[in-house]
Amino acid sequence: MKGKLACAVLMAPFFLLLVTVFLVPTGTAIWLSFFAQDQPGLGFGAESTVFVGVRSYVAVLSDPTFRGGLLTVVLYCLIYIPLMVVGALVLALLLDSGVAKLRGWAQMSLYLPHAVPGIIAALIWLYLYTPGLSPIIDLFAKGDIQINFLGINTVLPSIVNIALWSNLGYNMVIFYAALQAVPREVLEASVVDGAGPVKQALRIKTPLVRGAIVTVGIFTLIWALQLFTEPVLLSQSTPMISARFSPSMYIYDAAFTRNNYGLAAAASVILLAFTIALSFGVTRWTNRKAA
Amino acid sequence: MTLLGRTTVNVVIGVAVLYTLLPVMWLLLAATKNVDALFESDLFSFSDFSFVENVKNLFAMDKGLYGRWYLNSLLYAVIGAAASAFISIAAGYAFDKYSFRHKEKLFGLVLAAVMVPQTVLALPLYLMASEAGLVNTFWAVFIPALFNPFGVYLGRIFSQGYVPDEVLEAARIDGAGDLGTYFKVALRMLGPGMITLFLFQLTTIWNNFFLPMVMLSDQKLYPVSLGLYQWNSSATVSPEYYPVVIMGSLFAVLPLILAFMLLQRFWKAGMTAGAVK
C-alpha cells in the first residue's frame, strides 16, 4: 500500500500537467470544432454557442488558403527532411570515418546554431537576406548577379535554409553517437571482407543506425509540420508570405485575428490528425522495410 | 584511405563548419556597427566601432524594456526548467520502479503527447487561461512550459541506467520509506540525468515564442524572443532599431551557449539516450 502511495505522489505533478495542459486542451479543441458563436438579431442579441456539426471542417477544407498552406508545408517537408537527414548523416559518417581532423572543434561548431533560439536564427538569416544589410547579396552584386532571397520562388528554400542551419548539427550529434555504438568487430570484419571506406559507410554503418535515422526523421517531420516561427518573422519583411502561409499560421490567424474559434479549432484538429497519420505512416513504412 | 579521400572528407566538414559559423560571426561583427555603418560600410572596417554605444542603446531603448525582457526570459527558463526537470524525472522514476495496471498504456499516452503540435493546444490553452483569469500574466506562459513528456521518457531511461534495484532494496531493508528512499538515495543518482533534462527544457523555454505571442499583450511580461520580434517589426519602419535588435540577439544567444559549453557532457548524454534507446 505504501508503495502505491509513493508512486502516486511521484507521478501526481506530471499527470496534473498532462491533464490540464494536454488532455483538456486537446478535448477542448475537438469540442470547439463542432460549435460556432452565433449572434442572433443582427449582432445585438446575446452571443450563443450552437452546435454546427462538421460545418467548420467543411469550411476549413474548402478554404483555398488552408489547402494552400497545407500544400506549402508538404512541399517544405519534401525539401527540408531529405536534406536534413542526409546532410546530418553524411556529416556524422565523415566525422566517424577516422580521418577527420579537429573532430571535437568541428562537432562543437556544427552544434552551435542549436544554442541560437529559433526566432534569433530567423532574425540573423532575415538580415542576411535583406538587401543593404546582407554581405551575401553584396558579394553576388559584385559578380553582377542580382539575387532576391525573399522572392516568390526563393522564399520557401530560404525558410528551409534557416531550419537546416538551426538543426543540422543537433541531428549530426545524434547520428554520431549512434555510430559510436556500432561494434568495432563488425567494422573490422567488413574491412577483412574487402569493403572500402565508402562501401563500409553506406552498406554497414548506415543500416546499423537505422533506429536513429527513423527517430530523427519522425521528430523532424513533427516539427516541420508546425512551421510557424520562421515564416511569421519573414512575413514582416516580404509580401510573399501571407498571414495564412502555413496551417499553424492559419490557426493563429483564425483564432486571434478573425476570432473564429470554431474555424481555428477545426483547423487544429485537422493538423493534429495529419501529424498523427503521417508519423504513424512513416513508422509503419520503416518497420515494413525492416521486416 | 587515399590522400584524395582524406582531403575530400576534411573539405566537406570544413565547408559545413563555415556554413554554421559564418552567420554567428556576422552577428558579432554587425553588433559593432551603428545604423549608417550597417547599411554602408565594409563588414570588416572598424572605423565606426560602436559596440559599447550599441549596448548602451539596447538597454536604454523604450525605457529599458530589454533588461526587463531578459529578466523575464531568465525567470521563465531557469525556474521553469528546474521545476520541469524535477517533475519529469519523478514521473520517469515511478514508471521505471513501480508496476501498476495499464502502466504501458499510460506510458504510450505520455509518448503520444510528444507528437501533438503546440499550435493545436494554443487556442484551448488561451481560452482556459482566460477563463481562469490568467491571460496576460506570468503564469500563462510559465505553467504550460513545465510539461515535458519527452523528459518523462528520458527520466525512465535514466532511472533504468543509474538507479540499481539492489540499492533501493537495501534502503528498504534499512527501514527507509519509499519517498524517503527516492529523495535521499535515488535522486542523488539521478543528478546527471536531471541536469540533462534541465538543459533540454532550458533551451525549449528560452526558444518559446508561440505561446507568449498568444498569451501576452503586456510588453513588460514579454520574453526576449517576443520582444525582439516586435522590435524587428518596428525596424522595418524606423531603421534605428536595427543595431538594437542585432545587439539584443547577440545577448539572447549568450546564456545557452554558456550553458552548453559548461555542461557539454550532460547535453550529449541526453541526446544519446534519446536516439539509441
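Derivation of every value follows stated rules applied to the coordinates shown; laboratory data play no part. Please read all numbers here as calculations on a predicted model, not as lab measurements. Please note: Cβ atoms are built from the backbone with ideal geometry, for glycine as well, and neighbour counts cover all protein chains shown.
Between A:N287 and B:V114, the modelled labels are 1.5 nm apart [label points 7 Å from Cα along Cα→Cβ]. With 25 Å as the limit on Cα-Cα distance, the pairs of A:K101/A:K199; A:K205/B:K103; A:K289/B:K97; A:K199/A:K289; A:K142/B:K33; A:K289/B:K103 that go past it are A:K205/B:K103; A:K289/B:K97; A:K289/B:K103.
For the range A:55-82 and the range B:225-262, compute the distance between their C-alpha centroids and round to whole Å. Each part reduced to its Cα centre gives a spacing of 31 Å.
Exposure proxy ranking for B:S50, B:S88, based on other Cβ atoms within 10 angstrom of each Cβ and starting from the fewest, stands as B:S50, B:S88.
Is the C-alpha gyration tensor of the range A:177-291 telling us rounded, prolate or oblate? Criteria: a/c under 1.5 is rounded; beyond that, a/b larger than b/c is prolate, otherwise oblate. In terms of gyration-tensor shape, prolate.
If you take all other residues with their beta carbon under 15 Å from the beta carbon of B:A140, and give Lys and Arg +1 and Asp and Glu -1, the sum is -1. Hey, how many Å between the Cα centroid of the range A:194-229 and the Cα centroid of the range A:97-152? The distance from the Cα centre of the range A:194-229 to that of the range A:97-152 comes to 24 Å. Bridgeable lysines around B:K220 (alpha carbons under 20 Å apart, same-chain partners fewer than 8 residues away excluded): B:K56, B:K63. Using just its DSSP H runs of length 4 or more, each adding -39500 (n - 2.57), chain A gives a mean residue ellipticity at 222 nm of -21000 deg cm²/dmol after division by all residues. Which of the listed residues, B:S233, B:L179, B:I143, is farthest toward the dipole's positive end in the protein assembly as shown, when Lys, Arg count +1 and Asp, Glu count -1 at the beta-carbon? Of B:S233, B:L179, B:I143, it is B:L179.
Distance between the C-alpha centres of the range B:122-164 and the range B:92-114: 17 Å, rounded to the whole angstrom. Take the alpha carbon gyration tensor of chain B, find the square roots of its eigenvalues, order them as a ≥ b ≥ c, and report rounded if a/c is under 1.5; if not, report prolate when a/b exceeds b/c, else oblate. Note, shape of chain B comes out oblate. Relative protection proxy for A:102-108, B:53-59, from highest mean packing down: B:53-59, A:102-108 (other beta-carbon atoms within 10 angstrom). Shape class for the range A:135-174, computed from the alpha carbon gyration tensor (a ≥ b ≥ c): oblate, with a/c not under 1.5 and a/b at or below b/c. Here's how it looks for B:S50: its modeled amide H is under 5 Å from those of B:K33, B:N34, which are all 5 or more places away or on a different chain.
Computed per residue of chain B from DSSP H runs no shorter than four, each worth -39500 (n - 2.57), the mean residue ellipticity at 222 nm is -22500 deg cm²/dmol.
On the beta carbon distance between B:L258 and B:S99, with R0 = 51 Å, the FRET formula returns roughly 0.75. Ranked by the mean number of other Cβ atoms within 10 Å of their residues, highest first, the peptides A:244-252, B:66-74 come out as A:244-252, B:66-74. In summary, the aspartates and glutamates within cross-link reach of B:K105, defined as a Cα separation below 20 angstrom excluding same-chain residues under 8 places away, comprise B:D96. Counting only alpha carbon atoms, the long axis of helix B:224-235 and the longest principal axis of chain B meet at about 20°.
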